[in-house]
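First up is the structure itself, then whatever we jot down about it.
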2 protein chains.
Amino acid sequence: MKIDPNSSADLSAQIAQAIRDAIVDGKLIVDERLPSEAEMADQFNVSRPTVREALKRLAAQSLIRTQRGATGGAFVNRLSFPDAYAQQITTSTLLLSMNAVSFDTACEARYALERACAPLSAQRRTADHLATMRAEIHRQQQPGLTDEAFCDSDVAFHRALVDGAQNPVLSYQLAGAVEGMQPLMNMITFTARSRNQIVSLHTAIADALERRDAPAVDDTLKELSGYTQSLARDVMAKRAR
Amino acid sequence: MKIDPNSSADLSAQIAQAIRDAIVDGKLIVDERLPSEAEMADQFNVSRPTVREALKRLAAQSLIRTQRGATGGAFVNRLSFPDAYAQQITTSTLLLSMNAVSFDTACEARYALERACAPLSAQRRTADHLATMRAEIHRQQQPGLTDEAFCDSDVAFHRALVDGAQNPVLSYQLAGAVEGMQPLMNMITFTARSRNQIVSLHTAIADALERRDAPAVDDTLKELSGYTQSLARDVMAKRAR
DNA sequence: ACTTTTCTATTTGTCAGACATTTAAAAGTC
DNA sequence: GACTTTTAAATGTCTGACAAATAGAAAAGT
(Lines give C-alpha, C1' and ligand atoms only; values in the text may rest on other atoms or scores of the structure.)
Protein backbone atom coordinates (compact mmCIF):
# COMPACT_ATOMS: atom_id res chain seq x y z
CA MET A 1 0.00 0.00 0.00
CA LYS A 2 1.72 3.12 -1.24
CA ILE A 3 0.82 6.77 -1.08
CA ASP A 4 1.93 9.61 -3.33
CA PRO A 5 2.33 12.87 -1.37
CA ASN A 6 2.47 14.87 -4.61
CA SER A 7 -0.77 13.54 -6.01
CA SER A 8 -3.61 15.99 -6.49
CA ALA A 9 -5.86 13.90 -4.25
CA ASP A 10 -6.00 14.40 -0.50
CA LEU A 11 -3.76 12.13 1.51
CA SER A 12 -6.68 10.86 3.56
CA ALA A 13 -8.57 9.96 0.38
CA GLN A 14 -5.57 8.07 -0.97
CA ILE A 15 -5.10 6.16 2.25
CA ALA A 16 -8.79 5.31 2.40
CA GLN A 17 -8.67 4.07 -1.18
CA ALA A 18 -5.61 1.93 -0.50
CA ILE A 19 -7.31 0.26 2.46
CA ARG A 20 -10.59 -0.06 0.59
CA ASP A 21 -8.78 -1.82 -2.27
CA ALA A 22 -7.09 -4.16 0.18
CA ILE A 23 -10.48 -5.10 1.62
CA VAL A 24 -12.20 -5.55 -1.73
CA ASP A 25 -9.28 -7.61 -3.03
CA GLY A 26 -9.40 -9.83 0.03
CA LYS A 27 -5.98 -8.80 1.31
CA LEU A 28 -7.68 -7.76 4.52
CA ILE A 29 -10.26 -10.23 5.71
CA VAL A 30 -13.33 -9.80 7.86
CA ASP A 31 -12.64 -9.07 11.53
CA GLU A 32 -8.95 -8.55 10.85
CA ARG A 33 -7.48 -5.74 12.89
CA LEU A 34 -5.78 -2.88 11.11
CA PRO A 35 -2.60 -1.40 12.60
CA SER A 36 -3.17 1.27 15.22
CA GLU A 37 -3.59 4.83 14.06
CA ALA A 38 -0.12 5.71 15.26
CA GLU A 39 1.43 2.79 13.38
CA MET A 40 -0.38 3.65 10.18
CA ALA A 41 0.68 7.27 10.51
CA ASP A 42 4.24 5.97 10.62
CA GLN A 43 3.78 3.57 7.72
CA PHE A 44 2.16 6.11 5.42
CA ASN A 45 4.36 8.92 6.67
CA VAL A 46 1.47 11.16 7.60
CA SER A 47 0.06 12.51 10.84
CA ARG A 48 -2.51 10.76 12.97
CA PRO A 49 -5.37 13.16 12.13
CA THR A 50 -4.84 12.38 8.45
CA VAL A 51 -5.04 8.64 9.15
CA ARG A 52 -8.13 9.25 11.23
CA GLU A 53 -9.85 11.13 8.39
CA ALA A 54 -9.14 8.15 6.15
CA LEU A 55 -10.59 5.73 8.71
CA LYS A 56 -13.72 7.85 9.11
CA ARG A 57 -14.26 7.68 5.37
CA LEU A 58 -14.19 3.89 5.56
CA ALA A 59 -16.40 3.84 8.63
CA ALA A 60 -18.99 5.89 6.74
CA GLN A 61 -19.20 3.05 4.22
CA SER A 62 -19.44 0.43 6.98
CA LEU A 63 -16.15 -1.05 5.75
CA ILE A 64 -14.56 -0.86 9.20
CA ARG A 65 -15.65 -0.51 12.79
CA THR A 66 -13.56 0.90 15.61
CA GLN A 67 -13.25 -0.01 19.25
CA ARG A 68 -11.57 1.92 22.00
CA GLY A 69 -9.45 0.49 24.74
CA ALA A 70 -6.46 -1.76 25.22
CA THR A 71 -7.31 -4.39 22.62
CA GLY A 72 -9.23 -1.90 20.50
CA GLY A 73 -8.49 -0.60 17.05
CA ALA A 74 -10.06 -0.60 13.62
CA PHE A 75 -11.42 -3.90 12.33
CA VAL A 76 -12.61 -4.92 8.90
CA ASN A 77 -16.36 -5.04 9.20
CA ARG A 78 -18.61 -7.71 7.77
CA LEU A 79 -21.03 -5.70 5.67
CA SER A 80 -24.38 -6.91 6.95
CA PHE A 81 -27.55 -6.98 4.88
CA PRO A 82 -29.23 -4.33 7.10
CA ASP A 83 -26.24 -2.02 6.67
CA ALA A 84 -26.26 -2.58 2.93
CA TYR A 85 -30.03 -1.93 2.84
CA ALA A 86 -29.59 1.37 4.63
CA GLN A 87 -26.85 2.55 2.29
CA GLN A 88 -28.78 1.41 -0.74
CA ILE A 89 -31.85 3.33 0.37
CA THR A 90 -29.97 6.54 1.15
CA THR A 91 -28.14 6.46 -2.15
CA SER A 92 -31.24 5.69 -4.19
CA THR A 93 -33.31 8.33 -2.43
CA LEU A 94 -30.73 11.03 -3.01
CA LEU A 95 -30.11 9.95 -6.58
CA LEU A 96 -33.80 10.32 -7.39
CA SER A 97 -34.33 13.55 -5.51
CA MET A 98 -31.26 15.30 -6.88
CA ASN A 99 -31.35 14.37 -10.54
CA ALA A 100 -34.68 15.45 -11.94
CA VAL A 101 -35.62 11.86 -12.66
CA SER A 102 -39.17 11.82 -13.96
CA PHE A 103 -41.78 9.99 -11.97
CA ASP A 104 -42.46 7.78 -14.96
CA THR A 105 -38.85 6.69 -15.25
CA ALA A 106 -38.56 5.86 -11.55
CA CYS A 107 -41.93 4.15 -11.54
CA GLU A 108 -41.10 2.10 -14.61
CA ALA A 109 -37.84 0.92 -13.04
CA ARG A 110 -39.50 0.07 -9.77
CA TYR A 111 -42.31 -1.97 -11.21
CA ALA A 112 -40.08 -3.70 -13.74
CA LEU A 113 -37.89 -4.92 -10.90
CA GLU A 114 -40.80 -5.77 -8.67
CA ARG A 115 -42.46 -7.80 -11.39
CA ALA A 116 -39.20 -9.72 -11.67
CA CYS A 117 -39.70 -10.89 -8.10
CA ALA A 118 -43.35 -11.78 -8.50
CA PRO A 119 -42.99 -15.29 -10.02
CA LEU A 120 -40.49 -16.32 -7.35
CA SER A 121 -42.69 -14.87 -4.64
CA ALA A 122 -45.72 -16.72 -5.97
CA GLN A 123 -43.71 -19.91 -5.74
CA ARG A 124 -42.10 -19.44 -2.32
CA ARG A 125 -44.08 -16.97 -0.22
CA THR A 126 -44.96 -18.28 3.23
CA ALA A 127 -48.13 -17.75 5.23
CA ASP A 128 -46.19 -15.08 7.12
CA HIS A 129 -45.64 -13.00 4.02
CA LEU A 130 -49.29 -13.24 3.13
CA ALA A 131 -50.32 -12.29 6.66
CA THR A 132 -48.10 -9.19 6.51
CA MET A 133 -49.65 -8.17 3.22
CA ARG A 134 -53.19 -8.67 4.50
CA ALA A 135 -52.40 -6.66 7.61
CA GLU A 136 -51.05 -3.78 5.54
CA ILE A 137 -54.09 -3.88 3.27
CA HIS A 138 -56.24 -3.63 6.38
CA ARG A 139 -54.20 -0.66 7.59
CA GLN A 140 -54.58 1.05 4.24
CA GLN A 141 -58.35 1.01 4.71
CA GLN A 142 -58.28 2.96 7.99
CA PRO A 143 -60.15 6.20 7.39
CA GLY A 144 -57.98 8.72 9.28
CA LEU A 145 -54.72 7.65 7.66
CA THR A 146 -52.40 10.43 6.49
CA ASP A 147 -50.91 10.26 3.01
CA GLU A 148 -47.53 9.55 4.53
CA ALA A 149 -48.79 6.68 6.65
CA PHE A 150 -50.55 5.30 3.60
CA CYS A 151 -47.25 5.40 1.68
CA ASP A 152 -45.42 3.73 4.55
CA SER A 153 -47.93 0.93 4.52
CA ASP A 154 -47.62 0.71 0.75
CA VAL A 155 -43.87 0.24 1.08
CA ALA A 156 -44.36 -2.43 3.75
CA PHE A 157 -46.82 -4.27 1.51
CA HIS A 158 -44.49 -4.31 -1.45
CA ARG A 159 -41.57 -5.23 0.72
CA ALA A 160 -43.45 -8.29 1.92
CA LEU A 161 -44.15 -9.19 -1.69
CA VAL A 162 -40.44 -8.96 -2.54
CA ASP A 163 -39.34 -10.77 0.60
CA GLY A 164 -41.67 -13.59 -0.41
CA ALA A 165 -39.16 -14.51 -3.09
CA GLN A 166 -36.90 -15.60 -0.23
CA ASN A 167 -33.84 -14.26 -1.97
CA PRO A 168 -31.94 -11.79 0.25
CA VAL A 169 -30.01 -10.40 -2.71
CA LEU A 170 -33.24 -9.55 -4.47
CA SER A 171 -34.64 -8.00 -1.29
CA TYR A 172 -31.52 -5.89 -0.97
CA GLN A 173 -31.68 -4.67 -4.55
CA LEU A 174 -35.37 -3.92 -4.34
CA ALA A 175 -34.98 -1.96 -1.11
CA GLY A 176 -33.43 0.82 -3.15
CA ALA A 177 -36.04 0.67 -5.89
CA VAL A 178 -39.05 0.59 -3.58
CA GLU A 179 -37.98 2.75 -0.64
CA GLY A 180 -35.94 5.18 -2.69
CA MET A 181 -39.13 6.14 -4.50
CA GLN A 182 -41.00 7.00 -1.33
CA PRO A 183 -40.32 10.74 -1.41
CA LEU A 184 -41.71 10.82 -4.95
CA MET A 185 -44.74 8.79 -3.90
CA ASN A 186 -45.31 11.08 -0.94
CA MET A 187 -45.96 13.91 -3.36
CA ILE A 188 -49.11 12.20 -4.52
CA THR A 189 -52.33 13.07 -2.74
CA PHE A 190 -54.40 9.92 -2.34
CA THR A 191 -58.10 10.61 -2.54
CA ALA A 192 -60.52 8.19 -0.94
CA ARG A 193 -61.34 6.84 -4.39
CA SER A 194 -57.72 6.27 -5.41
CA ARG A 195 -57.03 4.58 -2.10
CA ASN A 196 -59.89 2.20 -2.69
CA GLN A 197 -58.57 1.44 -6.13
CA ILE A 198 -55.10 0.72 -4.79
CA VAL A 199 -56.45 -1.40 -1.95
CA SER A 200 -58.45 -3.47 -4.40
CA LEU A 201 -55.37 -4.03 -6.54
CA HIS A 202 -53.35 -4.96 -3.46
CA THR A 203 -56.06 -7.42 -2.52
CA ALA A 204 -55.96 -8.92 -5.99
CA ILE A 205 -52.20 -9.33 -5.67
CA ALA A 206 -52.48 -11.00 -2.28
CA ASP A 207 -55.22 -13.30 -3.57
CA ALA A 208 -53.14 -14.28 -6.57
CA LEU A 209 -50.11 -14.93 -4.38
CA GLU A 210 -52.25 -17.09 -2.13
CA ARG A 211 -53.24 -19.15 -5.19
CA ARG A 212 -49.59 -19.10 -6.29
CA ASP A 213 -50.86 -17.69 -9.56
CA ALA A 214 -47.81 -15.91 -10.94
CA PRO A 215 -49.36 -14.59 -14.18
CA ALA A 216 -52.21 -12.98 -12.24
CA VAL A 217 -49.74 -11.28 -9.88
CA ASP A 218 -47.84 -9.98 -12.87
CA ASP A 219 -50.96 -8.66 -14.58
CA THR A 220 -52.13 -6.90 -11.44
CA LEU A 221 -48.74 -5.35 -10.82
CA LYS A 222 -48.77 -4.06 -14.36
CA GLU A 223 -52.17 -2.54 -13.74
CA LEU A 224 -51.02 -1.01 -10.47
CA SER A 225 -48.01 0.48 -12.20
CA GLY A 226 -50.20 2.08 -14.85
CA TYR A 227 -52.62 3.38 -12.24
CA THR A 228 -49.83 4.88 -10.13
CA GLN A 229 -48.46 6.68 -13.16
CA SER A 230 -51.87 8.06 -14.06
CA LEU A 231 -52.29 9.36 -10.49
CA ALA A 232 -48.90 11.05 -10.74
CA ARG A 233 -49.85 12.64 -14.04
CA ASP A 234 -52.98 14.08 -12.46
CA VAL A 235 -50.94 15.61 -9.67
CA MET A 236 -48.50 17.13 -12.15
CA ALA A 237 -51.33 18.54 -14.21
CA LYS A 238 -52.97 20.10 -11.14
CA ARG A 239 -49.67 21.54 -10.00
CA ALA A 240 -49.09 23.10 -13.41
CA ARG A 241 -52.17 25.27 -12.89
CA MET B 1 -28.98 20.79 14.23
CA LYS B 2 -28.11 19.74 17.74
CA ILE B 3 -25.39 17.54 19.16
CA ASP B 4 -25.34 15.66 22.45
CA PRO B 5 -21.80 15.54 23.91
CA ASN B 6 -22.86 12.83 26.36
CA SER B 7 -24.20 10.46 23.74
CA SER B 8 -22.45 7.15 23.29
CA ALA B 9 -21.84 7.92 19.62
CA ASP B 10 -18.77 9.79 18.43
CA LEU B 11 -19.21 13.51 18.02
CA SER B 12 -18.07 13.35 14.41
CA ALA B 13 -20.66 10.66 13.67
CA GLN B 14 -23.41 12.76 15.25
CA ILE B 15 -22.42 15.84 13.29
CA ALA B 16 -22.27 13.85 10.06
CA GLN B 17 -25.72 12.42 10.74
CA ALA B 18 -27.16 15.87 11.48
CA ILE B 19 -25.85 17.25 8.19
CA ARG B 20 -26.87 14.10 6.30
CA ASP B 21 -30.42 14.47 7.65
CA ALA B 22 -30.49 18.10 6.61
CA ILE B 23 -29.50 17.13 3.08
CA VAL B 24 -31.96 14.24 2.78
CA ASP B 25 -34.77 16.40 4.18
CA GLY B 26 -33.99 19.13 1.71
CA LYS B 27 -32.96 21.68 4.33
CA LEU B 28 -29.65 21.91 2.54
CA ILE B 29 -29.98 22.04 -1.20
CA VAL B 30 -27.63 21.05 -3.98
CA ASP B 31 -24.60 23.31 -4.40
CA GLU B 32 -25.38 25.14 -1.18
CA ARG B 33 -22.26 25.98 0.78
CA LEU B 34 -21.90 24.76 4.33
CA PRO B 35 -20.36 27.04 6.93
CA SER B 36 -16.58 26.95 7.10
CA GLU B 37 -14.97 24.31 9.28
CA ALA B 38 -14.07 26.92 11.88
CA GLU B 39 -17.65 28.23 12.00
CA MET B 40 -19.09 24.75 12.36
CA ALA B 41 -16.61 23.96 15.09
CA ASP B 42 -17.98 27.01 16.90
CA GLN B 43 -21.62 26.15 16.26
CA PHE B 44 -21.32 22.54 17.39
CA ASN B 45 -18.90 23.42 20.15
CA VAL B 46 -16.26 20.98 19.00
CA SER B 47 -12.78 21.29 17.56
CA ARG B 48 -11.98 21.64 13.90
CA PRO B 49 -10.51 18.12 13.54
CA THR B 50 -13.78 16.70 14.80
CA VAL B 51 -15.73 18.72 12.25
CA ARG B 52 -13.32 17.57 9.59
CA GLU B 53 -13.85 13.92 10.46
CA ALA B 54 -17.58 14.47 10.09
CA LEU B 55 -17.09 16.12 6.69
CA LYS B 56 -14.88 13.27 5.49
CA ARG B 57 -17.63 10.83 6.38
CA LEU B 58 -20.03 12.75 4.18
CA ALA B 59 -17.47 13.08 1.41
CA ALA B 60 -17.06 9.28 1.42
CA GLN B 61 -20.73 9.02 0.53
CA SER B 62 -20.43 11.71 -2.16
CA LEU B 63 -22.86 13.87 -0.19
CA ILE B 64 -20.50 16.83 -0.17
CA ARG B 65 -17.48 18.02 -2.09
CA THR B 66 -14.82 20.40 -0.82
CA GLN B 67 -12.89 23.14 -2.51
CA ARG B 68 -9.85 24.95 -1.26
CA GLY B 69 -9.12 28.60 -1.59
CA ALA B 70 -10.75 31.92 -0.88
CA THR B 71 -14.27 31.07 -2.02
CA GLY B 72 -13.83 27.42 -1.11
CA GLY B 73 -15.58 25.31 1.46
CA ALA B 74 -17.84 22.30 1.61
CA PHE B 75 -20.76 22.16 -0.81
CA VAL B 76 -23.74 19.87 -1.00
CA ASN B 77 -22.95 17.59 -3.90
CA ARG B 78 -25.38 16.51 -6.58
CA LEU B 79 -25.13 12.74 -6.39
CA SER B 80 -24.34 11.84 -9.98
CA PHE B 81 -25.32 8.58 -11.60
CA PRO B 82 -21.66 7.53 -12.04
CA ASP B 83 -20.98 8.17 -8.35
CA ALA B 84 -24.08 6.22 -7.39
CA TYR B 85 -23.03 3.38 -9.74
CA ALA B 86 -19.63 3.18 -8.09
CA GLN B 87 -21.08 3.04 -4.58
CA GLN B 88 -23.69 0.52 -5.62
CA ILE B 89 -21.04 -1.76 -7.12
CA THR B 90 -18.72 -1.57 -4.13
CA THR B 91 -21.54 -2.27 -1.70
CA SER B 92 -22.96 -5.15 -3.72
CA THR B 93 -19.56 -6.72 -4.28
CA LEU B 94 -18.70 -6.64 -0.60
CA LEU B 95 -22.12 -7.82 0.44
CA LEU B 96 -21.80 -10.90 -1.76
CA SER B 97 -18.20 -11.65 -0.88
CA MET B 98 -18.62 -11.27 2.87
CA ASN B 99 -21.88 -13.05 3.50
CA ALA B 100 -21.60 -16.56 2.16
CA VAL B 101 -24.31 -15.92 -0.41
CA SER B 102 -24.62 -18.99 -2.59
CA PHE B 103 -23.88 -18.68 -6.26
CA ASP B 104 -27.40 -19.84 -7.07
CA THR B 105 -29.00 -17.12 -4.97
CA ALA B 106 -26.89 -14.38 -6.50
CA CYS B 107 -27.35 -15.75 -9.98
CA GLU B 108 -31.11 -16.04 -9.55
CA ALA B 109 -31.33 -12.43 -8.39
CA ARG B 110 -29.16 -11.18 -11.19
CA TYR B 111 -31.04 -12.89 -13.99
CA ALA B 112 -34.44 -12.12 -12.51
CA LEU B 113 -33.57 -8.42 -12.58
CA GLU B 114 -31.93 -8.60 -15.97
CA ARG B 115 -34.94 -10.32 -17.46
CA ALA B 116 -37.02 -7.46 -16.13
CA CYS B 117 -35.05 -5.11 -18.38
CA ALA B 118 -35.25 -7.30 -21.46
CA PRO B 119 -38.70 -6.29 -22.74
CA LEU B 120 -37.90 -2.60 -22.41
CA SER B 121 -34.55 -3.11 -24.09
CA ALA B 122 -36.16 -5.00 -26.97
CA GLN B 123 -38.44 -2.03 -27.44
CA ARG B 124 -35.94 0.80 -27.12
CA ARG B 125 -32.40 -0.43 -27.83
CA THR B 126 -30.55 1.66 -30.41
CA ALA B 127 -28.12 0.53 -33.07
CA ASP B 128 -25.36 1.62 -30.70
CA HIS B 129 -26.41 -0.83 -28.03
CA LEU B 130 -26.53 -3.62 -30.58
CA ALA B 131 -23.11 -2.66 -31.95
CA THR B 132 -21.61 -2.79 -28.45
CA MET B 133 -23.08 -6.22 -27.88
CA ARG B 134 -21.81 -7.52 -31.21
CA ALA B 135 -18.36 -6.14 -30.49
CA GLU B 136 -18.27 -7.87 -27.10
CA ILE B 137 -19.42 -11.14 -28.64
CA HIS B 138 -16.57 -10.82 -31.10
CA ARG B 139 -14.13 -10.21 -28.26
CA GLN B 140 -15.43 -13.25 -26.42
CA GLN B 141 -14.40 -15.40 -29.36
CA GLN B 142 -10.73 -14.37 -29.26
CA PRO B 143 -8.71 -17.50 -28.52
CA GLY B 144 -6.08 -16.17 -26.10
CA LEU B 145 -8.57 -14.48 -23.79
CA THR B 146 -8.05 -14.98 -20.04
CA ASP B 147 -11.01 -15.98 -17.90
CA GLU B 148 -10.99 -12.55 -16.33
CA ALA B 149 -11.06 -10.74 -19.66
CA PHE B 150 -13.89 -13.03 -20.73
CA CYS B 151 -15.84 -12.06 -17.62
CA ASP B 152 -15.16 -8.38 -18.21
CA SER B 153 -16.54 -8.68 -21.69
CA ASP B 154 -19.51 -10.60 -20.35
CA VAL B 155 -20.27 -7.74 -17.97
CA ALA B 156 -19.95 -5.20 -20.80
CA PHE B 157 -22.34 -7.25 -22.93
CA HIS B 158 -24.99 -7.45 -20.26
CA ARG B 159 -24.53 -3.84 -19.38
CA ALA B 160 -25.29 -2.88 -22.97
CA LEU B 161 -28.40 -5.04 -22.79
CA VAL B 162 -29.58 -3.25 -19.66
CA ASP B 163 -28.66 0.19 -20.97
CA GLY B 164 -30.80 -0.59 -24.02
CA ALA B 165 -33.85 -0.10 -21.81
CA GLN B 166 -32.87 3.59 -21.74
CA ASN B 167 -33.86 3.92 -18.12
CA PRO B 168 -30.99 5.29 -16.03
CA VAL B 169 -32.61 4.16 -12.79
CA LEU B 170 -32.74 0.60 -14.06
CA SER B 171 -29.13 0.81 -15.24
CA TYR B 172 -28.12 2.04 -11.83
CA GLN B 173 -29.91 -0.75 -10.01
CA LEU B 174 -28.58 -3.40 -12.35
CA ALA B 175 -25.00 -2.17 -11.99
CA GLY B 176 -24.94 -3.70 -8.53
CA ALA B 177 -26.57 -6.94 -9.62
CA VAL B 178 -24.37 -7.50 -12.65
CA GLU B 179 -21.00 -6.10 -11.59
CA GLY B 180 -21.29 -7.13 -7.98
CA MET B 181 -21.42 -10.73 -9.12
CA GLN B 182 -18.18 -10.51 -11.07
CA PRO B 183 -15.93 -11.90 -8.32
CA LEU B 184 -18.21 -14.92 -8.10
CA MET B 185 -18.21 -15.31 -11.89
CA ASN B 186 -14.43 -15.06 -11.94
CA MET B 187 -14.25 -18.26 -9.94
CA ILE B 188 -15.63 -20.19 -12.89
CA THR B 189 -13.14 -21.65 -15.34
CA PHE B 190 -14.50 -21.25 -18.83
CA THR B 191 -13.52 -24.10 -21.09
CA ALA B 192 -13.46 -23.60 -24.84
CA ARG B 193 -16.72 -25.50 -25.08
CA SER B 194 -18.52 -23.46 -22.43
CA ARG B 195 -17.32 -20.26 -24.02
CA ASN B 196 -18.76 -21.36 -27.33
CA GLN B 197 -22.04 -22.15 -25.65
CA ILE B 198 -22.18 -18.74 -23.97
CA VAL B 199 -21.21 -16.93 -27.17
CA SER B 200 -23.98 -18.69 -29.05
CA LEU B 201 -26.51 -17.67 -26.38
CA HIS B 202 -25.23 -14.09 -26.49
CA THR B 203 -25.61 -14.14 -30.24
CA ALA B 204 -29.15 -15.40 -29.90
CA ILE B 205 -29.90 -12.57 -27.48
CA ALA B 206 -28.43 -9.95 -29.80
CA ASP B 207 -30.36 -11.39 -32.73
CA ALA B 208 -33.60 -11.35 -30.79
CA LEU B 209 -32.99 -7.77 -29.68
CA GLU B 210 -32.34 -6.81 -33.28
CA ARG B 211 -35.74 -8.28 -34.21
CA ARG B 212 -37.21 -6.58 -31.11
CA ASP B 213 -38.46 -10.01 -30.13
CA ALA B 214 -38.90 -9.68 -26.36
CA PRO B 215 -40.12 -13.23 -25.64
CA ALA B 216 -37.11 -14.70 -27.44
CA VAL B 217 -34.74 -12.51 -25.39
CA ASP B 218 -36.44 -13.66 -22.23
CA ASP B 219 -36.24 -17.33 -23.17
CA THR B 220 -32.57 -17.09 -24.05
CA LEU B 221 -31.75 -15.24 -20.84
CA LYS B 222 -33.51 -17.98 -18.94
CA GLU B 223 -31.42 -20.54 -20.73
CA LEU B 224 -28.24 -18.58 -20.08
CA SER B 225 -29.11 -18.35 -16.41
CA GLY B 226 -29.59 -22.12 -16.19
CA TYR B 227 -26.38 -22.77 -18.07
CA THR B 228 -24.38 -20.44 -15.84
CA GLN B 229 -25.70 -22.18 -12.75
CA SER B 230 -24.82 -25.60 -14.15
CA LEU B 231 -21.28 -24.40 -14.89
CA ALA B 232 -20.98 -23.15 -11.32
CA ARG B 233 -22.22 -26.46 -9.98
CA ASP B 234 -19.53 -28.28 -11.98
CA VAL B 235 -16.85 -26.04 -10.51
CA MET B 236 -18.15 -26.63 -6.99
CA ALA B 237 -18.22 -30.38 -7.55
CA LYS B 238 -14.65 -30.39 -8.87
CA ARG B 239 -13.49 -28.25 -5.98
CA ALA B 240 -15.08 -30.62 -3.49
CA ARG B 241 -12.72 -33.38 -4.65
C1' DA C 1 -6.20 -21.19 46.43
C1' DC C 2 -9.58 -18.17 44.85
C1' DT C 3 -11.97 -13.88 44.28
C1' DT C 4 -12.07 -9.09 44.15
C1' DT C 5 -9.99 -4.84 43.53
C1' DT C 6 -6.57 -1.79 41.80
C1' DC C 7 -3.23 -0.49 38.64
C1' DT C 8 -1.27 -0.01 34.13
C1' DA C 9 -0.56 0.00 29.33
C1' DT C 10 -2.72 0.55 24.95
C1' DT C 11 -5.77 2.58 21.85
C1' DT C 12 -9.30 5.59 20.14
C1' DG C 13 -11.65 10.24 20.82
C1' DT C 14 -11.00 15.08 21.28
C1' DC C 15 -8.76 19.47 21.63
C1' DA C 16 -5.60 23.58 20.73
C1' DG C 17 -2.63 25.92 17.92
C1' DA C 18 0.29 26.31 14.14
C1' DC C 19 1.90 26.32 9.32
C1' DA C 20 1.34 25.09 4.22
C1' DT C 21 -1.26 25.42 0.10
C1' DT C 22 -4.75 26.94 -2.87
C1' DT C 23 -7.68 30.31 -4.74
C1' DA C 24 -10.29 34.40 -5.91
C1' DA C 25 -10.67 39.02 -5.36
C1' DA C 26 -8.68 43.47 -4.19
C1' DA C 27 -4.93 46.61 -4.71
C1' DG C 28 -1.27 48.32 -7.13
C1' DT C 29 1.53 49.28 -11.46
C1' DC C 30 2.53 50.31 -16.12
C1' DG D 1 -7.45 49.52 -19.47
C1' DA D 2 -4.64 45.40 -19.00
C1' DC D 3 -1.43 43.14 -16.33
C1' DT D 4 0.93 41.97 -11.97
C1' DT D 5 1.20 41.72 -7.07
C1' DT D 6 -0.74 41.44 -2.70
C1' DT D 7 -3.96 39.90 0.53
C1' DA D 8 -7.41 37.36 2.88
C1' DA D 9 -10.00 33.23 3.48
C1' DA D 10 -10.50 28.61 3.25
C1' DT D 11 -9.04 23.74 3.29
C1' DG D 12 -5.05 20.43 4.04
C1' DT D 13 -1.62 18.87 7.18
C1' DC D 14 1.32 18.52 11.30
C1' DT D 15 2.65 18.44 16.29
C1' DG D 16 1.70 17.57 20.82
C1' DA D 17 -1.26 16.92 24.38
C1' DC D 18 -5.00 15.10 27.34
C1' DA D 19 -9.46 12.36 28.11
C1' DA D 20 -11.84 8.11 28.17
C1' DA D 21 -12.45 3.34 27.51
C1' DT D 22 -10.89 -1.22 28.05
C1' DA D 23 -8.44 -5.58 28.74
C1' DG D 24 -5.04 -7.75 31.17
C1' DA D 25 -1.67 -7.84 34.85
C1' DA D 26 -0.70 -7.08 39.54
C1' DA D 27 -2.03 -6.64 44.18
C1' DA D 28 -4.97 -7.20 48.00
C1' DG D 29 -8.21 -9.55 50.73
C1' DT D 30 -10.68 -13.59 52.13
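The values are calculated or read from the model by the stated rules, or taken from the named source; none is laboratory data. It should be emphasised that the depicted structure is a prediction, and the values quoted were computed from it without experimental measurement. Here the Cβ is made from the backbone with ideal geometry for all residues, glycine too, and neighbour counts use every protein chain on show. Just the protein is used for accessible areas: all its heavy atoms, side chains included, with ligands, DNA and RNA removed. Shrake-Rupley method; radii C 1.70, N 1.55, O 1.52, S 1.80 Å.
Size of the dipole of segment A:11-76 about the Cα centre, Lys and Arg at +1 and Asp and Glu at -1 on the beta carbon, nothing else charged, in debye to 20?
Numbers: 9 positive and 8 negative charges, 51 e Å.
Dipole magnitude for segment A:11-76 comes out near 240 debye.
Can you give the accessible area buried between chains B and A, summed over both chains, with a 1.4 Å probe, in Å² to the nearest 100?
So the buried area, both faces added, is about 4300 Å².
What do you get for Rg/Rh over segment B:11-76 if you use C-alpha atoms and the Kirkwood form of Rh?
Dividing the radius of gyration by the Kirkwood radius yields 0.92.
Counting Lys +1, Arg +1, Asp -1, Glu -1, what net charge surrounds A:A13 among other residues with beta carbon under 11 Å of its beta carbon?
Net charge around A:A13: +1.
Between A:D128 and B:A70, with labels modelled 7 Å along Cα→Cβ, what's the label distance in nm to one decimal, could you check?
In this crude label model, A:D128 to B:A70 measures out at 6.3 nm.
Going Cα to Cα from A:K238, which aspartates and glutamates come in below 19 Å? Please leave out same-chain ones fewer than 8 positions away.
A:D104, A:D147
Compute the signed sum of charges (Lys and Arg +1, Asp and Glu -1) over the other residues within less than 13 Å, Cβ to Cβ, of A:K27.
Every neighbour counted, the sum reads -2.
Distances longer than 27 Å among the Cα atoms of segment B:81-240: what percent of all pairs is that?
Cα-Cα pairs of segment B:81-240 separated by over 27 Å account for 19 percent.
What are the label-to-label distances in nm, one decimal and shortest first, from A:N186 to the same spot in the other copies, with labels 7 Å along Cα to Cβ?
Those label-point separations list as 4.0 nm.
Which of the peptides B:154-167, A:12-25, B:65-78 is most tightly packed, and how do the rest follow, going by the mean number of other Cβ atoms within 10 Å of each residue?
The peptides rank, most packed first, as B:154-167, A:12-25, B:65-78.
Under unit Cβ charges (Lys, Arg +1; Asp, Glu -1), what dipole magnitude, rounded to 20 debye, does the protein assembly as shown have relative to its Cα centre?
120
Using a Förster distance of 35 angstrom, determine the FRET efficiency expected from the C-beta separation of A:S230 and B:K222, and round it to 0.05.
So, using R0 = 35 Å, E works out to roughly 0.65.
Between A:T146, B:S92, B:Q61, whose Cα lies farthest towards the positive end of the dipole of the protein assembly as shown when Lys and Arg beta carbons carry +1 and Asp and Glu beta carbons carry -1, centred on the Cα centre?
The one lying farthest along the dipole's positive direction is B:Q61.
Rounded to the nearest 500, what is the protein assembly as shown's calculated 222 nm mean residue ellipticity when only DSSP H runs of at least 4 contribute -39500 (n - 2.57) each, over all residues?
Estimated from H runs of four or more residues: -23000 deg cm²/dmol.
Can you tell which of A:A13, A:L184, A:G164 lies farthest toward the positive end of the dipole of chain A, using +1 and -1 charges on the Cβ of basic and acidic side chains (Lys, Arg; Asp, Glu)?
A:L184
So what is the relative contact order of segment A:11-76, in percent, for Cα pairs below 8 Å that sit 6 or more residues apart? Before the final figure, lay out the partial values.
Details: 68 pairs, mean separation 27.8, N = 66.
Normalised by residue count, the contact order of segment A:11-76 is 42 percent.
Which residues in segment A:47-80 place their backbone N less than 12 Å from a point set 7 Å from the Cα of A:D31 along the Cα-to-Cβ direction?
Of the residues in segment A:47-80, A:76-78 have backbone N under 12 Å from the label point off A:D31.
How long are the three semi-axes of the equivalent ellipsoid for the protein assembly as shown, computed from the Cα gyration tensor as the root of 5 times each eigenvalue, in whole Å, largest first?
On the way: eigenvalues 285, 203, 90 Å².
In descending order the semi-axes read 38, 32, 21 Å.
With a 1.4 Å probe and all protein chains kept in place, how much accessible area does A:M185 have, in Å² rounded to the nearest 10?
Accessible area, nearest 10 Å²: 20 Å².
Label-to-label distances across copies for B:Q166, with labels 7 Å out along Cα→Cβ, in nm, shortest first?
Spelled out, the distances from B:Q166's label point are 4.0 nm.
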